[in-house]
Amino acid sequence: MGVVQGLDLAGLRRVYGRTGSRLFYTWVARNARHWGWTEPGQSKWRLWRAQRQLQDVLGRRLALRPGARVLDAGCGAGVVARAMATRFGLVVDGVDVLDFHLAEARRLSERAALGVRTVFTWADYHDLPYATGEFDGAYAMETLVHSYDPPRALAEFHRVLRPGGKLVLLGPMATGPLEELPPGKRELLEPFLDAMAMTGARVFHAGNLSRLLTEAGFEVEEALDASAYYAPTAEAVHTAFRLPWEVLRRCGDPARWLNLRSTVEMYDVRECVAWYVHTAVKPAR
Ligand SMILES: C[S@@+](CC[C@H](N)C(=O)[O-])C[C@H]1O[C@@H](n2cnc3c(N)ncnc32)[C@H](O)[C@@H]1O
């Protein structure tokens, strides 16, 4: 188990606030801060379709009636919240700790006339400003990896869900405990986790997240290793940005291009990283 720290706001600002990161997410990822889901036989280059498909994977697993209220833990610019509202009829409360993400989320939802069905609030998802049992569903799209205390975050998701409420977690994690990774891989992965404020990856991994969910009181319905569906997007992004990264590394200030660097260099440890979709339910009394 890793050392549990508090919220690393400075780290998250460094990851998401730098110019290079903002440009990437705004222009390349069209405001989404998540990867994509590519079906076998589909082109790896259709990033926006892959992102839409990943959002649909989430919506289908939540499987809630239109009008149901869901929590979006770590909402970023609210792309996923708006997808859940428009394509699945859900009413979404998004929380995030980065003020510039929340401002962007509100602006984009206003522009899409979704200001009522998607609401965004500053909150740390380890300590939510909601009553017990308020939500029909909750999800975390590629954000639990930033958690400084995953068991506490899962307990908090469990608390705010009603009995029978659904939780879906999507995102990356190490394939196993860091100390058991093949020699040479851990040395590559750990500085990356630190630079990207991915504290949660020191605590949970593909081998123990289901158990942590159970310990938090959930029944795990599915723990899907979705790495094969994520791989084409990672491959396309790596291919597209390898050369730009080389140029920036030699001519610019590499620290300003943290996300670009991670996208390119972390491709080398891809066999130690798995992408999962966990679906769990808070048992009905
Ligand atoms: C990779 S982004 C994903 C954003 C969004 N889910 C999406 O898919 O577009 C991770 C987000 O989680 C947020 N985050 C990290 N730790 C958090 C915490 N403890 N509480 C709330 N949000 C957090 C970050 O600020 C960031 O916006």
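Just so you know, all these numbers are worked out from the coordinates, no wet-lab data involved. Just so it is clear, the model here is predicted, and its values are computed rather than measured. Cβ sites come from the backbone with ideal geometry, for glycine too, and all protein chains shown count toward neighbours.
What to note about this one:
- First in region 173-195 and in contact (Cβ under 8 Å) with a residue 60 or more places away in the chain and of a type in the set (Val, Ile, Thr), second anywhere and crowded, with 17+ Cβ neighbours inside 10 Å and in a helix (DSSP H, G or I), Cβ under 6 Å, 6 or more apart: Thr175/Cys272
- Residue count for region 220-270, restricted to those that are touching a His at 6+ places or on another chain (Cβ under 8 Å) and of a type in the set (Asp, Glu): 1.
Yes/no per residue for (1) touching a Phe, Trp or Tyr at 6+ places or on another chain (Cβ under 9 Å); (2) of a type in the set (A, V, I, L, M, F, W, C); (3) under 19 Å from Thr263 (Cα atoms):
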site: Leu161; (1), (2), (3): yes, yes, no
site: Glu180; (1), (2), (3): no, no, no
site: Glu187; (1), (2), (3): no, no, yes
site: Pro191; (1), (2), (3): no, no, yes
site: Phe218; (1), (2), (3): yes, yes, no
site: Ala226; (1), (2), (3): yes, yes, yes
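- Close pairs from region 237-248: first more than 19 Å from Lys44 (Cα to Cα), partner surrounded by 17 or more Cβ atoms within 10 Å (Cβ to Cβ) and small (Gly, Ala, Ser), Cβ under 9 Å, at least 6 apart: Leu248/Gly20
- Flag if Arg14 is outside any loop (DSSP other than H, G, I, E, B) and either more than 9 Å from the ligand (Cβ to nearest atom) or under 30 Å from Arg211 (Cβ atoms) (or both): yes
- Each residue in region 127-153 was checked for being touching a Lys or Arg at 6+ places or on another chain (Cβ under 8 Å) and over 19 Å from Arg69 (Cα atoms), and 1 pass.
- Condition broken by Asp56, with the remaining ones in (1) without any contact (Cβ under 8 Å) to a residue 60 or more places away in the chain; (2) on the phi > 0 side of the Ramachandran plot; (3) surrounded by fewer than 19 Cβ atoms within 10 Å (Cβ to Cβ) satisfied: (2)
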